[in-house]
Amino acid sequence: MFLRKYIIPLLLFGFISADLAAQKKSSESGGFIYRRASTVGVKLHSNGWGIEADFYKTNDIFKQKFYRFEIINIRHSKEKKQQPGFSRDITRPYVFGKINSFLAVNATTGRKMMLGEKGRKNGVELSWNYSYGVSLGLLKPYYLLVVKENELLEEIPYSAEEAGIFLNRGRIIGRGRSLLGLDKIKLRPGLTFKTGVTVDYAVFDEFIQAIEAGIQINAYLQRTELMLTETNQFIHPNLYVKLSLGRRFYN
């Protein structure tokens with residue numbers, strides 16, 4: 001379901017960033033070794049989406065070291081958009097009980113290892129990778145557009161004082177503006193780990209074209225307060241699919 005929901009951002013993704021340096025023949029396997037590489041990727045995971053950049057250092061075709069920087073959106077697994085319970089011209093879909101939105105900024109290091117050489121000789125490389133590192137979570141208040149007692153409309157975040165209105169479906173017009181609450185962001189430090197399998201369809205081509213699938217886990221020191229009406233977690237596991245694009249330069 002999440003693939004269909006976020007397929008438009010995937011199709012619109014077309015930006016390629018790469019920087020690869022000199023290459024040489026591998027005497028052991030007859031392949032090519034690239035000294036450095038960089039790619040940009042967009043991914044969809046079971047509770048959101050993400051973008052990332054990878055920077056590789058290569059000593060041989062069987063093992064590569066890389067550094068990865070990514071930003072991922074994490075939703076609560078029980079989030080569900082709904083329409084307001086009454087008809088107005090300005091109604092917007094919203095998530096009932098949601099109190100915060102959450103972005104994670106991850107910085108990791110890892111290894112990528114080729115699983116088989118036979119396919120690589122035909123221009124397809126299958127590899128396994130893992131990465132680990134630190135995560136900084138950005139917790140931003142989620143605003144709702146509501147009808148106050150004086151019948152005026154107001155965009156409000158959740159608070160104990162406003163709970164009666166914030167959780168009253170009969171007063172909710174819809175979601176508030178996304179940029180509200182940037183001055184109230186809370187930081188959540190944590191750790192992240194990811195492992196997956198990558199298929200590179202253009203090993204000997206000028207461009208990198210790869211698809212990766214795997215699992216990612218983000219864990220934080222505090223519960224991530226996303227929903228008022230559901231249990232919030234310290235740990236967020238997700239399945240993901242990622243498309244990476246890049247470019248090779250032959251000197």
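Of the residues that make up region 173-183, is at least one buried (at least 19 other Cβ atoms within 10 Å of the Cβ), under 19 Å from the mean Cα position of the chain (by Cα) and in contact (Cβ under 8 Å) with a residue 12 or more places away in the chain?
Pass one, region 173-183, residues buried (at least 19 other Cβ atoms within 10 Å of the Cβ): 173, 175-176.
With the extra rule that they be under 19 Å from the mean Cα position of the chain (by Cα), the set shrinks to none.
The answer is no, given that none of the residues of region 173-183 is buried (at least 19 other Cβ atoms within 10 Å of the Cβ), under 19 Å from the mean Cα position of the chain (by Cα) and in contact (Cβ under 8 Å) with a residue 12 or more places away in the chain.
Applying the criterion of being hydroxyl-bearing (Ser, Thr, Tyr) and surrounded by fewer than 18 Cβ atoms within 10 Å (Cβ to Cβ) to the residues of region 184-217, the residue that is nearest to Glu151 (Cα to Cα) is Thr195.
Count, please, the residues in region 131-140 that happen to be surrounded by 19 or more Cβ atoms within 10 Å (Cβ to Cβ) and either out of contact with any Phe, Trp or Tyr (no Cβ under 7 Å at 6 or more places or on another chain) or small (Gly, Ala, Ser) (or both).
4
May I ask you to verify whether Ala18 is more than 29 Å from Tyr143 (Cα to Cα), loosely packed, with under 12 Cβ neighbours inside 10 Å, touching a Lys or Arg at 6+ places or on another chain (Cβ under 6 Å) and at pLDDT below 65?
Numbers: more than 29 Å from Tyr143 (Cα to Cα): yes; loosely packed, with under 12 Cβ neighbours inside 10 Å: no; touching a Lys or Arg at 6+ places or on another chain (Cβ under 6 Å): yes; at pLDDT below 65: yes.
So Ala18 fails the test.
Could you go through region 220-240 and let me know if any residue there is surrounded by fewer than 19 Cβ atoms within 10 Å (Cβ to Cβ), touching a strand residue (DSSP E or B) at 6+ places or on another chain (Cβ under 9 Å), under 25 Å from Ser127 (Cα atoms) and not polar (S, T, N, Q). Taking every residue of region 220-240 in turn, at least one turns out to be surrounded by fewer than 19 Cβ atoms within 10 Å (Cβ to Cβ), touching a strand residue (DSSP E or B) at 6+ places or on another chain (Cβ under 9 Å), under 25 Å from Ser127 (Cα atoms) and not polar (S, T, N, Q). Once region 98-127 is narrowed to residues that are surrounded by fewer than 18 Cβ atoms within 10 Å (Cβ to Cβ) and part of a loop (DSSP other than H, G, I, E, B), the residue that is modelled with the highest pLDDT is Val124.
Take Thr58 and decide whether it is of a type in the set (Ser, Thr, Tyr), part of a strand (DSSP E or B), under 17 Å from the mean Cα position of the chain (by Cα) and surrounded by 15 or more Cβ atoms within 10 Å (Cβ to Cβ). Working first, answer last.
Working: of a type in the set (Ser, Thr, Tyr): yes; part of a strand (DSSP E or B): yes; under 17 Å from the mean Cα position of the chain (by Cα): no; surrounded by 15 or more Cβ atoms within 10 Å (Cβ to Cβ): yes.
Spelling it out, it is not the case that Thr58 is of a type in the set (Ser, Thr, Tyr), part of a strand (DSSP E or B), under 17 Å from the mean Cα position of the chain (by Cα) and surrounded by 15 or more Cβ atoms within 10 Å (Cβ to Cβ).
Among the residues of region 195-206, are any part of a strand (DSSP E or B), more than 17 Å from Trp128 (Cβ to Cβ) and in contact (Cβ under 8 Å) with a residue 40 or more places away in the chain?
So in region 195-206, the residues part of a strand (DSSP E or B) come out as 195-200.
Then keep just the ones that are more than 17 Å from Trp128 (Cβ to Cβ); that gives none.
Checking region 195-206: not a single residue is part of a strand (DSSP E or B), more than 17 Å from Trp128 (Cβ to Cβ) and in contact (Cβ under 8 Å) with a residue 40 or more places away in the chain.
Of all the listed residues (Gly174, Gly137, Gly190), the sole one being farther than 16 Å from Ile72 by Cα and in a strand (DSSP E or B) is Gly174. Does Glu154 count as surrounded by fewer than 18 Cβ atoms within 10 Å (Cβ to Cβ), of a type outside the set (Val, Ile, Thr), at pLDDT 85 or above and part of a loop (DSSP other than H, G, I, E, B)? Spelling it out, it is not the case that Glu154 is surrounded by fewer than 18 Cβ atoms within 10 Å (Cβ to Cβ), of a type outside the set (Val, Ile, Thr), at pLDDT 85 or above and part of a loop (DSSP other than H, G, I, E, B).
The values are calculated or read from the model by the stated rules, or taken from the named source; none is laboratory data. These numbers come from a predicted model, not from an experiment. Here Cβ is always computed from backbone atoms with ideal geometry, including for glycine, and neighbour counts include all displayed protein chains.
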